[in-house]
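All remarks here apply to the structure that follows.
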Amino acid sequence: MGVSSGVILAATQSRSGKTTMTLALMAHLAKRNIPVAPFKAGPDYLDGAWHQEVSRRPSYNLDTFMLGNEACRTLYQQKKGHALGVVEGVMGLYDGKSGVGGTGSTADLARVLGLPVLLVVNVRGMAGSLVPLVQGFAAAAQGFTIAGILANQVGSAQHAQRLSALLDDNHAPPLLGWMGRHEHLTLEERHLGLTLPGETSSPPWEQLAAALHLDQERFTHLFQPTPAREPDLSLRVEPLLQGKTIAVARDAAFSFIYTANLECLVQMGATVHFFSPLAGNAIPDACSAIWLPGGYPELHAEKLSQSRTLQQLTRLGQNGTCILAECGGMMALGEYLVDLAGRSWPMAGLLPMQSIMTSRLAGLGYRQEDSGMRGHEFHHSIREASPLPPAFSLNRGDPGLRLANVRASYVHWYFPSAPRVLAAWLGGTRI
C-alpha cells in the first residue's frame, strides 16, 4: 500500500473508544510537530470541538449524505492543506443511512476520499477472537483498505504483544497502536454526547499522547503529510446574501454550529454578527435575518428565562425579521421549556408551543427537505404546539413550525447542501 495523505479512524461499533483514540493520535502527532487537519464523519458537533481543542485547527464535518461525494472530496482537499488529515468516523464502520457501508457511513466516506482506515477495537477480554473479527471487517471492505488496528482497553504490554503476533501470523491488518485500560482517559458525557471544551477541564494532552503506544515506524510508513492538490472551485457559491447581516446566536446554550455553515454565510457575502442570549446581548435591529442554532438551552433555562435577548427576538419576529431556528433555537422561541425536573421556564413566547425534556431519545436521523436542503435530527425533547402550517416539507422527521418569516424545527441544517434555499429562507422569499 502506498503513502496516504490521511487516515480515517473507524470502529467496530459505537462506544469502542473511537473519540478518545482519535484525540490521543492527534495529541501524539502534535507532540512530534506533525501538523494535523481534523475532520469528523457524520453530523456531529461535539467531537469536532474537541478536535479543535487539541489540534488548534477547525474541524470540518464530512458526510456523504449531507454534502455528496464530490463536495466531501473538495472540502477535504481544501481544508487539509499540507497537513496530515485525521478523520474520526461515525458509529461503526459500516453503519450509515441504510444498508452495509451505505451513504453516510464511515466506509462510504473512506471510499469517496480514497483513505485507509484504522479500525478501533475494544479488546477487553479478547485474544484469538480478534483475528476473525478483524478479518471479517477487512473482507467486507470494498473500495478502501483497513490498513491497521488500534486496540483499546488492552490489559498489558504482554496482551498487546500477543494480539500483534496473532494478527501478523494470520495475515490480518497489523496492530499499529494500543491504549491500556488502566491508562484510559475518558471525557465527560451527557444526554446528547460529550460535554464541550470549557465546560470541564481538558484532558492532559501530554498524558493522553503518552497513553497511545503507537508503532511509529509502521505508522510513518503508511501515513504522512503530502502536498495538497489545487482546490476544486466547485464549492464556491453565489453571493446571494451580499450586503446582508445575519445575526447568529452563539454561547454555551447555542453552540451546535457547523464550521462550514458559518463559512457558507460568509462566502455568500453575508456579514455575520454573533450575539449571546445568555449574556442578554442586543441583536442589531437592522439585521437582515437571525439564525438560532441548536445547543443546550435546557441546561441554561433559568438564565435564558431572564434574558432580555428573548424579548427582542419576539419583537423582531413579530415585525417580520426572518428567523431560522434549529432544535434548541426553536425551544427558546416557544412559550415554555420544561426541564427534566418538571420545572417550567418561560421562553420568548414567539411560537405557540412548549418544549418538554425527556429522558429518552425522541428523534434521530438524516432529513431532507423537498427543496434539497439536508440536515440531521437528534433530540431529547418533545414539542407540544397549537396547529400551525409546517415549516418544512419532509418525507420523514419533524416538519417543524412556520409563523410568518419564522421557520423552526428540530432539524439541524447543513447550509452548503442548498445555498440558494438558504438565501431564500434568510431573505424571507417563499420557495
_Restricting to the stretch 80-97, name every residue that is under 21 Å from residue 57 (Cβ atoms) and either of a type in the set (Phe, Trp, Tyr) or in a loop (DSSP other than H, G, I, E, B) (or both)._
81, 82, 83, 89, 90
*Tally the residues that are polar (S, T, N, Q) and surrounded by fewer than 17 Cβ atoms within 10 Å (Cβ to Cβ), restricting the search to the stretch 111-169.*
7
*asked:* If the requirement is being surrounded by fewer than 22 Cβ atoms within 10 Å (Cβ to Cβ) and either assigned by TED's automatic domain parsing to the domain that holds residue 319 or more than 22 Å from the chain's Cα centre (by Cα) (or both), which of these qualifies: 384, 369?
replied: 384
*Is it the case that some residue within the stretch 40-57 is hydroxyl-bearing (Ser, Thr, Tyr), surrounded by fewer than 23 Cβ atoms within 10 Å (Cβ to Cβ) and at pLDDT below 95?*
yes
*Looking at the stretch 340-373, which of its residues are of a type in the set (D, E, K, R), in a loop (DSSP other than H, G, I, E, B) and either in contact with a Ser or Thr (Cβ under 9 Å, 6 or more places away or on another chain) or at pLDDT 95 or above (or both)?*
343, 370
*Hey, does the stretch 60-69 have a residue that's in a strand (DSSP E or B) and among the acidic types (Asp, Glu)?*
no
_Of the conditions (1) modelled with pLDDT of 90 or more; (2) crowded, with 20+ Cβ neighbours inside 10 Å; (3) more than 13 Å from residue 112 (Cβ to Cβ), residue 63 satisfies every one except a single condition; which number is it?_
(3)
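So if I check each of 100, 112, which one is free of Cβ contacts under 8 Å to residues at least 60 places away in the same chain and assigned to a loop (DSSP other than H, G, I, E, B)?
100
The values are calculated or read from the model by the stated rules, or taken from the named source; none is laboratory data. Computed from a predicted model, the values in this text were never measured in an experiment. A quick note on method: Cβ atoms are made from the backbone with ideal geometry, for glycine too, and the neighbour counts reach across all protein chains shown.
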